[in-house]
Amino acid sequence: MDTYKMTEEEEGLLRVNQINGGIVLPIVIKTAIELDLFEIMAKTPVGNFSSLDLASSLPRQTQETPVLIERILRFLAGHSVVTSTVVKDEHRDSRNLYGMTAVSKNYVQRQDRTSHASSLLFINDKLLVNCWLVIYIHFFYI
């Protein structure tokens, strides 16, 4: 019997559906979407970015911005939403470079102006999450 081998795009879509059903990972992805991290990465042909590169592309920055972006990207890399590569500079200091995957590409707006970002943002909207939280508390604790 032949087994079906999913394409990279199909695997990416499957992973997007798994992600959209969780709690912590979708909130971190929501933050990345709201910061336009995936859009910035997709629009720049370089391919791999440091947290400092991405932080410098944001309209507002503080001293902590690169550190916060690094934490977001490390978390996403741990869940295979972005790639992570450690490189050493001429001073032998190491830093992480991050790149897009089939999963993160699904959160980038396509030419037809659609993206899976809209469904994730809707599912994790504060009002909707609060409604589910009230139902959960009422059902399990009252």
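For a quick check: sort 51, 94, 56 by the number of other beta carbons within 10 angstrom, fewest at the front.
So the ranking, lowest neighbour count to highest, is 94, 56, 51.
Return a whole-number percent for the relative contact order of the chain, with Cα pairs under 8 Å and 6 or more residues apart as the contact set.
Averaging sequence separation for qualifying contacts and normalising by length gives 26 percent for the chain.
Hey, what angle do you get for helix 126-141 against the long axis of the chain, alpha-carbon based, 0 to 90 degrees rounded to 10?
So the inclination is approximately 50 degrees.
Residues with amide H under 5 Å of residue 82's amide H, sequence separation 5 or more or different chain, H placed in the peptide plane at 1.01 Å from N; which?
Those qualifying (amide H under 5 Å, at least 5 residues apart or on another chain) are 77.
Take 6, 41 and order them by how many other Cβ atoms sit within 10 Å, fewest up front. Please report the intermediate quantities before stating the final value.
Working: 6 10, 41 24.
Taking fewest neighbouring Cβ atoms as first place, the list is 6, 41.
Mind pulling up the Rg/Rh value for the chain? Radius of gyration and Kirkwood radius, both on Cα.
1.04
When the helices in the chain are scored as -39500 (n - 2.57) per DSSP H run of 4 or longer and the sum is shared across all residues, what 222 nm value do you end up with, to the nearest 500 deg cm²/dmol?
Helices in the chain give a 222 nm mean residue ellipticity of -16000 deg cm²/dmol.
Using the Cα gyration tensor of segment 43-93, with a ≥ b ≥ c the square roots of its eigenvalues, what is the shape: rounded (a/c below 1.5), prolate (a/b larger than b/c) or oblate (neither)?
rounded
What span do the alpha-carbon atoms of segment 65-141 cover on each of the three principal axes, reported in whole Å from largest to smallest?
57, 38, 21
Under the Karplus relation 6.51 cos²θ - 1.76 cosθ + 1.60, θ = phi - 60°, what is the ordered set of whole-Hz ³J(HN,Hα) values for segment 3-9, x standing for Gly and Pro?
9, 7, 9, 5, 6, 4, 5
Is the shape of segment 89-128 rounded, prolate or oblate, going by the alpha carbon gyration tensor and its root eigenvalues a ≥ b ≥ c, with a/c under 1.5 for rounded and a/b larger than b/c for prolate?
Since a/c reaches 1.5 but b/c is at least a/b, the shape of segment 89-128 is classed as oblate.
Tell me the label-point distance for the pair residue 5, residue 74, using the 7 Å Cα-to-Cβ offset, in nm and rounded to one decimal.
A separation of 3.6 nm, rounded to one decimal place.
So which GluC sites (Glu not before Pro) in segment 25-119 pass both tests, a DSSP loop state and at most 14 other Cβ atoms within 10 Å of the Cβ?
Listed in order of number, the matching sites are 64, 90.
Can you compute 3J(HN,Hα) from phi for each residue in segment 112-123, using the Karplus curve 6.51 cos²θ - 1.76 cosθ + 1.60 with θ = phi - 60°, rounded to whole Hz and x for Gly and Pro?
Values per residue, Gly and Pro as x: 7, 6, 10, 6, 6, 4, 5, 5, 5, 5, 5, 4 Hz.
Computed from the coordinates by the stated procedures, all read-outs in this text should not be read as laboratory data. Fair warning: this is a prediction, and the values are worked out from it, not measured in the lab. FYI the Cβ positions are ideal-geometry reconstructions off the backbone, even for glycines, and counts take in every protein chain you see.
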